[in-house]
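Only the coordinates and a few stated rules stand behind these numbers; no lab work does. Only a predicted model underlies this, so the values are computations on that prediction, with no experimental measurement involved. Note that each Cβ is placed from the backbone with ideal geometry, even for glycine, and that neighbours are counted across all protein chains shown.
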Amino acid sequence: MKQTIIKKFAVTGVLSLLGVAVTTAVAADLPAAVKKLLPAAVKEGEATVFGTTMNPRQVKMMNNGFNKFYGTKIKLNQVGGRHTRKRVEVIRALKNNVPTGLDLFWTSSPRALIKGNAIVKFNWSKELGLPKSLMQGEYGIKTHDSYLTMVTINTKLVKTADAPTSYEDLLKPKWRGKLAMPRSPSPWIYFSYAFGEKKAEQYLQALLKKQNVKTLPRYPDVRSRIIAGEYAIGLGTEAWAEIRKGAPVKHPNMDIVILAARAAYIVKDSKSPNIAKLWGYWVVSPAGQKTIHDVRGYSLISTKTGDMYKYVQGKKVIDVPYEWRMKNEGRLSKKFRSVLRGKKKKKK
C-alpha cells in the first residue's frame, strides 16, 4: 500500500515539462505535436466532455479558459450525470453502431469502458510530452485527485471543537441521523484499499445500521443537502468552490486523505479527437488547472495554487493505484452495491 506523509511538494513535471504560461499559450510556446492538432481541431469546431455537471456560467468559464489558452473559438459542451448509467449507455450505443455523441469521458472509474471497448488507447506522454506520472494505464490522462472519500461539515451545525478528525469520529452517537453520503460503491472501493476490505465493510455497515446515514442518489445531492443544513456531515464529496463563495461548509482537519485519480479518456467514436487531445493537454497545464479549480475546485495535489494541495499538507495521504483499481473495482463495486441495497450475503 502506498502511503505518503505530505509535507512539501516540489513543482512537478506538470508545471515544468509543459512549457506553457499560466494564463495564455501563444502558438509558438506549444510543442510541435500540440500545434499540429490545432488546424484539425478548429475544423472539428465542437466537442462534448461528459463527466461533471456544470451550470451555464461554469461551462462558459471552461470555454473561455480553453480558447484563451489556444487562441481558438472552439465550442466545449461540458455535461454531467450518473457515470454508471452513462457508461452502460455508451457501451450499448457502440455495440449497436449508434453515435455516442461524446468525445471525452471524464471519470475516476474507466474499467467498464475499457472492458466494453468504448475508449481508445492514447499515449499522452509520448505523443504530447505530458509527464508519465499523469498517465492512467494506456488510455487516460490524470486531471485531478478525486474527492470521493472527503468529509464535509456544515459549520452552523458542527462546532469547531466537535468537528471530526478521523473516520471513526463519524460513528459517535451524536452524529446518528445527521450524516449523508452518496448511494455509490466507489468510496468503499477506496476505503478497502486504505483500511482493508473487511474493515471497510464493517465501517459501512456501522454507518448504515447504527448511524442511520442517509444515502442519496448523486454526489452533488450530498453537497447541496449539507449546505442547506438538512444534514450536519457529508461523506463522499468536496465543496471547495462553495467554500470560496462563503457557503457554511468546510472540510475538517482529517488525519488521513484517501486519493484516487480522476482522468479523461477519449471515446472510441469521437467526432472531435483532436479537440479531445487538446482538452487533455490544456487541463493539466497551469492554465487548465486554474480554470477547473475556479470552476469546480478541482486540482492535482501537486498544483500549489489548489485547495487540495493546501489541505493535504502534513497529512497521511493514501493514493489508490490505477492498477489496483482496475483489478479490484468490478468485484468490490458489486459487493458494496449489495451492502448499500441491504442485501444479505449468500451462505456458502
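At a glance:
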item	result
Whole-angstrom Cα spans of segment 28-68 along principal axes, big to small	34, 20, 16
T305-K209 FRET efficiency (beta carbon distance; Förster radius 35 Å; 0.05 resolution)	0.25
Charge sum, other residues only, whose C-beta stays under 13 Å from I189's C-beta, Lys/Arg counted +1 and Asp/Glu -1	+4
Cβ-defined net charge surrounding N123, 10 Å radius [Lys, Arg +1; Asp, Glu -1]	+1
Net charge, M254 excluded, C-beta distance under 10 Å - Lys, Arg +1, Asp, Glu -1	0
Bridge type composition, the chain - antiparallel percent by DSSP, nearest 5	55
Segment 36-74 residues near the modelled V120 label - backbone nitrogen below 18 Å, point 7 Å along Cα→Cβ	36-50
Spin-label model distance (nm) - N64 vs S166, 7 Å beyond Cα toward Cβ	4.5
Percent of Cα pairs exceeding the 25 Å cut-off, where the set is segment 213-348	45
Overall form of segment 119-230 per C-alpha gyration tensor (a/c, 1.5; a/b vs b/c)	prolate
Segment 191-285 - Rg and Dmax from Cα coordinates, angstrom	17.9, 51
For the chain, calculated [θ]222 nm from helices alone, where every DSSP H run of n ≥ 4 adds -39500 (n - 2.57)	-11000 deg cm²/dmol
Per residue, the convex hull volume that the Cα atoms of the chain enclose (Å³)	133
